[in-house]
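To start, the structure under review is shown below, and the notes come after it.
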Amino acid sequence: MTAERKSFAVQPNECESYWQPVPANGFVEVHVSRHRTQTLTPFESGIQEVAPGSFVREHAHNEHEELILVIEGEGVADLEGEPHRMQAGTTLYLHAEEKHKFTNTGDGPLRFFWVLMPGGLSDFFKAIGRAREPGQPEPTPFPRPTDVEQIERDTVFVR
């Protein structure tokens, strides 16, 4: 089935969402994906929430650019070894193949809106996460799949 080109609105709790494994914990919501619509310029977007004391491990994307807008919380973005404060209103531009890591240094969740161009991050989140439903209690932290390196190679990460 091919997604059609059509404008739409995404309301809270009306999107695909996945609990994320350690070390990030928290969850991801996928608001715009190639599974939902055909965008003229390929991209995907959503929101990620990283639990207090947790982090998104260091990684890089192959031919993908990424934008991050911090919505709430406090953290540190390590961009190619250089630390940058993350707070509400911080925007990060992440160039293809450059390593980055996000650490929640606050007492509450670190939430950010992400855009990945040309897309494909939703496939990764689905493959490593567990389906999340509105109102569902947060699961006990769970490990990444044993084949996570293959999942990364098959999706949007530097090979």
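Mind ranking Asp147, Asp154, Asp123 by accessible surface for me, highest first, 1.4 Å probe? Display every interim value, and only then the final one.
Values: Asp147 80, Asp154 110, Asp123 50 Å².
Reading off the accessible areas and sorting them downward yields Asp154, Asp147, Asp123.
Give me the Kirkwood hydrodynamic radius of segment 30-105 in Å, from all C-alpha pairs, to one decimal place?
Values: mean 1/r = 0.0748 Å⁻¹.
Here the Kirkwood hydrodynamic radius works out to 13.4 Å.
Using alpha-carbon pairs under 8 Å, 6+ residues apart, how would you state the relative contact order of segment 27-140 in percent? Mind dumping the intermediate values first?
Details: 254 pairs, mean separation 38.5, N = 114.
This gives 34 percent for segment 27-140.
Can you tally the net charge around Arg132? Count Lys and Arg as +1, Asp and Glu as -1, for every other residue whose Cβ sits under 12 Å from the Cβ of Arg132.
Working: positive: Lys126, Arg130; negative: Glu16, Glu29, Glu49, Glu133, Glu138.
Once all neighbours under 12 Å are counted, the net charge is -3.
For the chain, what is the calculated [θ] at 222 nm in deg cm²/dmol (nearest 500), taking -39500 (n - 2.57) for each run of four or more DSSP H residues and dividing by its residue count? Write out the running numbers ahead of the final one.
Details: 2 runs with 15 residues, N = 159.
Here the helix-only value at 222 nm equals -2500 deg cm²/dmol.
Explain nothing, just the number: dipole magnitude of segment 83-134 about its Cα centre with +1 on each Lys and Arg Cβ and -1 on each Asp and Glu Cβ, in debye rounded to the nearest 20.
Rounded to the nearest 20 debye, it is 120 debye.
Indicate the gyration tensor shape class of segment 1-140 (rounded, prolate or oblate), computed on the Cα atoms with a ≥ b ≥ c the square roots of the eigenvalues: a/c under 1.5 is rounded; otherwise a/b larger than b/c is prolate and the rest oblate. The partial results should precede the final answer.
On the way: a/c = 1.75, a/b = 1.22, b/c = 1.43.
It comes out oblate by the Cα gyration axes.
By per-residue mean of other Cβ atoms within 10 Å, what is the highest-first order of 19-29, 107-117? Write out the running numbers ahead of the final one.
Working: 19-29: 20.8, 107-117: 18.8.
Those peptides, ordered most packed to least, come out 19-29, 107-117.
Of the peptides 30-40, 5-15, how do they stack up when ordered by the mean number of other Cβ atoms within 10 Å, highest first?
Values: 30-40: 16.5, 5-15: 9.7.
In descending order of packing, they fall as 30-40, 5-15.
What's the magnitude of the charge dipole for the chain around its Cα centre, counting Lys and Arg as +1 and Asp and Glu as -1 at the beta-carbon? Answer in Debye, nearest 20.
In debye, rounded to 20, the chain gives about 320.
Find the centroid of the Cα atoms in segment 66-141 and in segment 1-44, then give the distance between the two in whole Å.
Each part's Cα centre sits 14 Å from the other's.
List the lysines whose alpha-carbon lies under 24 Å from that of Lys6, not counting same-chain residues fewer than 8 positions away?
Qualifying lysines at Cα under 24 Å: Lys126.
For the chain, build the charge dipole from Cβ charges (+1 Lys, Arg; -1 Asp, Glu) around the Cα centre, then report which of Leu110, Ala88, Gly120 sits farthest towards its positive end.
Selected residue: Gly120.
The values are calculated or read from the model by the stated rules, or taken from the named source; none is laboratory data. As the structure is a prediction and not an experimental result, all values here were calculated from the model. Virtual Cβ from ideal backbone geometry, glycine too; neighbours counted across all protein chains shown. Areas reflect the complete protein model, heavy atoms only, side chains present, ligands, DNA and RNA absent. Shrake-Rupley method; radii C 1.70, N 1.55, O 1.52, S 1.80 Å.
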